[in-house]
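Since the structure comes first, as structure tokens, the remarks are kept for the end.
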Amino acid sequence: MPKMLERMQRIASHEAPPPPIAELIGFTMTSVEAGNAVYEFEPDGRHANPMGTLHGGVLCDVADAAMGTAYFTLLEEGESFTTLELKINFLKPVWKAKLTAKA
């Protein structure tokens, strides 16, 4: 098992602290396995845009966390990556909901 997967499993099981961005925005990794990750996020007023709906950048960040974690679990110790491009299509506004990002 790659060490990066073990590291992510410790975070998902609350044996290790989440990454700072997860704490800042408020999303939580709920499960992780090789090549797969699931995050949950329940936005509140601090995540709103001027119209009162969830800011699109926050949605991008949660999606990027899920995709990045899924990829990260396949890396060996010492390997790294970064997101070079991200595209998202918004289907409807979010006011209040529990969201799940699966990658």
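Which FRET efficiency value, to the nearest 0.05, is calculated for Phe81 and Glu15 with the Förster distance at 41 angstrom and r the Cβ-Cβ distance? Before the final figure, lay out each step's value.
Values: r = 24 Å, r/R0 = 0.58.
Efficiency, rounded to the nearest 0.05: 0.95.
I want to verify a result. In a Gaussian network model of the chain, Cα cutoff 10 Å, which of these has the top mean-square fluctuation: Ala16, Ala66, Ala34?
Fluctuation is largest for Ala16.
Run the 1.4 Å probe and let me know the accessible area of Met51, rounded to the nearest 10 Å².
For Met51, the solvent-accessible surface is approximately 150 Å².
Can you give me the angle between helix 56-72 and the longest principal axis of the chain, using Cα atoms only, in degrees from 0 to 90, rounded to the nearest 10?
Computed tilt is about 10 degrees.
Give the aspartates and glutamates whose C-alpha is closer than 19 Å to that of Lys102, dropping any in the same chain fewer than 8 places away, or say none.
The qualifying aspartates and glutamates are Glu6, Glu23, Glu33, Glu40, Glu42, Asp61, Asp64, Glu85.
Accessible surface of His55 in the full protein assembly, 1.4 angstrom probe, to the nearest 10 Å²?
Ignoring ligands and nucleic acids, His55 comes out at about 90 Å².
Just tell me the longest site-free run in the chain, where the sites are GluC sites (Glu not before Pro) in a DSSP loop having at most 15 other beta-carbon atoms within 10 Å.
Values: sites that count: Glu15, Glu76, Glu77, Glu79, Glu85.
Result for the longest clean stretch: 16-75.
If I fit a long axis through the Cα atoms of helix 3-12 and take the longest principal axis of the Cα atoms of the chain, what angle between them do I get, 0 to 90°, rounded to 10?
40
Less than 15 Å Cβ to Cβ from Lys3, Lys/Arg counted +1 and Asp/Glu -1: what total charge do the surrounding residues give?
-4
Loop-only chymotrypsin sites (Phe, Trp or Tyr not before Pro) in the range 43-92, please: DSSP not H, G, I, E or B, and at most 10 other Cβ atoms within 10 Å.
Sites meeting the loop and neighbour criteria: Phe81.
With charges only on Cβ, +1 for K and R and -1 for D and E, what is the dipole size of the chain about its Cα centre, in debye, rounded to 20?
Rounded to the nearest 20 debye, it is 440 debye.
Which residues' amide hydrogens lie under 5 Å from the amide hydrogen of Ser31, considering only partners 5 or more residues apart or on another chain, with H built in the peptide plane?
Val38
Hey, what's the Cα Rg ratio for the chain versus the globular rule of thumb, 2.2 N^0.38 Å?
In units of the globular-protein estimate, the chain measures up at 1.11.
In the chain, what trypsin sites (Lys or Arg not before Pro) fall in a loop by DSSP, with at most 16 other Cβ atoms inside 10 Å?
When the trypsin sites (Lys or Arg not before Pro) of the chain are filtered for loop state and at most 16 Cβ neighbours within 10 Å, Lys87, Lys96, Lys98 remain.
Which net charge results for the neighbourhood of Ala16, defined as the other residues with beta-carbon distances under 9 angstrom from its beta-carbon, given Lys and Arg at +1 and Asp and Glu at -1?
Values: positive: Arg7, Arg10; negative: Glu15.
Within the 9 Å Cβ shell, the charges total +1.
Out of Ile11, Ile25, Ile88, any idea which swings most in a Gaussian network model of the chain, alpha carbons joined below 10 Å?
Ile88
Between Leu74, Leu86, Leu59, find the one with the highest GNM mean-square fluctuation for the chain; connect C-alpha pairs within less than 10 Å.
Of Leu74, Leu86, Leu59, the most mobile in the Gaussian network model is Leu86.
The values are calculated or read from the model by the stated rules, or taken from the named source; none is laboratory data. The structure displayed is predicted, hence computed values, not measured ones. We place every Cβ from the backbone using ideal geometry, glycine too, and count neighbours over all the protein chains shown. The protein model used for the area step is the full one, side chains on, heavy atoms only, and it has no ligands, DNA or RNA in it. Shrake-Rupley method; radii C 1.70, N 1.55, O 1.52, S 1.80 Å.
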